[in-house]
Amino acid sequence: MKTLAIGLMSGTSLDGLDICLAEFEKKDKWYFQILKAETLPYSTEWEHKLKNAIHCSVTDLLELHADYGFYLGQRTKEFIERHQLKNIDLIASHGHTVFHQPQRKFTLQIGDGKAIKIETGVPVLYDFRSQDVLMKGNGAPLVPIGDELLFSEYDACLNLGGFSNISLQLEGKRIAFDIAPVNIVLNHLAQQLHESFDENGDLARKGEINEGFLHELNSLDFYHQPHPKSLGVEWCHQYIFPKLEGIAPLDALATFTEHAAQQISTIINKHKLKDILITGGGAYNTFLIDKIKTKTESVVIIPQKEIIEYKEALIFAFMGVLKMNNEINVLSSATGSIADHCSGVIA
């Protein structure tokens, strides 16, 4: 039986809301087809609201949770109407992460699914991470279930978004973890140079690597911890952003790009990966990709645009389908939780 699902994804790099309509069907294995997909850029007002949500009072954050839910619902309703879509079975929404502190048993993705349901009239699945955190997991990464069931032909899947994360098979189990920040830092530095992001890595190419700063970054404790592990914006505010002060933005871009490439390549080489599928906005950063290629012997596969840009939204749609079928959609081998489980709240 075919299922039509819409996935909504808003990443930490705030480059917009990804909306992906896909059709899923289970035969001998799961098959998918992306039918429509768009990225809707945030207005300056919404970008400001989401970027500063971390500083909101509790009551303001609760208000934003509802408002952003209605915003997601309105954008999705417009998407459905614009493409004259019929018979949508479900909407699965990741929401926008404000807090992620699994060691303290909480993670918060705002955007109330009930508000999306009110706007669209379609069943909505949301809040995919909280249950995993309560089950002693990291609440991340969740995408490996899709890598396992939809992209198993590759040795590993690497996503280069706000953070880089990887998923791969190890001793018959799918493991996954965050490697290092990427666009959340690179975009922050590019904005100091009045660009929204470092297109193709062209700004970083002009900078000089600061060896002292590079050594400081590579020495951070997170990189020496075992998986499973995950990163959040708070970690960058504590450990990365303060270190950027006093370093020229071009040199900081060059150094941080080198740092990300080194950390990613270390993982690829450690696991002797033959080929690796790279998706996320960082797949377009040719400077970063070339650095990864020179530091590893793996075959780097950059897929077609719709997979690069919408793989995460696609997989959240898929997680919604699995939840509706009461099937496992979170892997404990990836998140570190006490068991595989079926996560998400249904509105």
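Since every read-out is calculated from the coordinates, none of them should be taken as a lab result. No experiment lies behind these values; they were computed from the predicted model shown. Neighbour counts are summed over all protein chains in view; Cβ atoms, including those assigned to glycine, are modelled from backbone coordinates with ideal geometry.
What to note about this one:
- Among E258, E306, E171, the residue with the largest mean-square fluctuation in a Gaussian network model of the chain, with springs joining Cα atoms closer than 10 Å, is E171.
- Angle in degrees between helix 305-324 and the longest Cα principal axis of the chain, rounded to the nearest 10: 40 degrees
- The H on the amide N of F177, modeled in the peptide plane, is under 5 Å from the matching H of I166, each at least 5 residues off or on a different chain.
- Once the Cα atoms are used to define both axes, helix 58-82 deviates from the longest principal axis of the chain by about 70 degrees.
- If R0 equals 25 Å, the separation of the Cβ atoms of D290 and K270 corresponds to a calculated FRET efficiency of about 0.75.
- Segment 271-319 and segment 157-223 have Cα centres lying 13 Å from one another.
- Each helix, a run of at least 4 DSSP H residues, gives -39500 (n - 2.57); summed and divided by the residues of the chain, these come to -12000 deg cm²/dmol at 222 nm.
- Stretching V299 away from E234 to a fully extended chain increases their span by 20.1 nm, per 0.36 nm per residue minus the current alpha-carbon distance.
- With 28 Å as the limit on Cα-Cα distance, the pairs of K49/K173; K27/K323; K2/K272; K206/K311; K27/K173; K26/K51 that go past it are K49/K173; K2/K272; K206/K311; K26/K51.
- Label-point separation in nm, N52 to I338, each point 7 Å along Cα→Cβ: 4.1 nm
- Per the Debye calculation on the chain with a single equal scatterer at every Cα and no solvent contribution, log₁₀ I(q)/I(0) for q = 0.07 Å⁻¹ amounts to -0.27.
- With the convex hull drawn around the C-alpha atoms of segment 289-339, the volume per residue stands at 124 Å³.
- Theoretical FRET efficiency, 1/(1+(r/R0)^6), r = Cβ-Cβ of Q33 and I328, R0 25 Å, to 0.05: 0.65
- FRET efficiency, 1/(1 + (r/R0)^6) with R0 45 Å, evaluated for D221 and Q84 via beta carbons: 0.30
- Taking Y239, Y126, Y68 in turn, the Gaussian network model of the chain (Cα-Cα springs below 10 Å) assigns the largest fluctuation to Y239.
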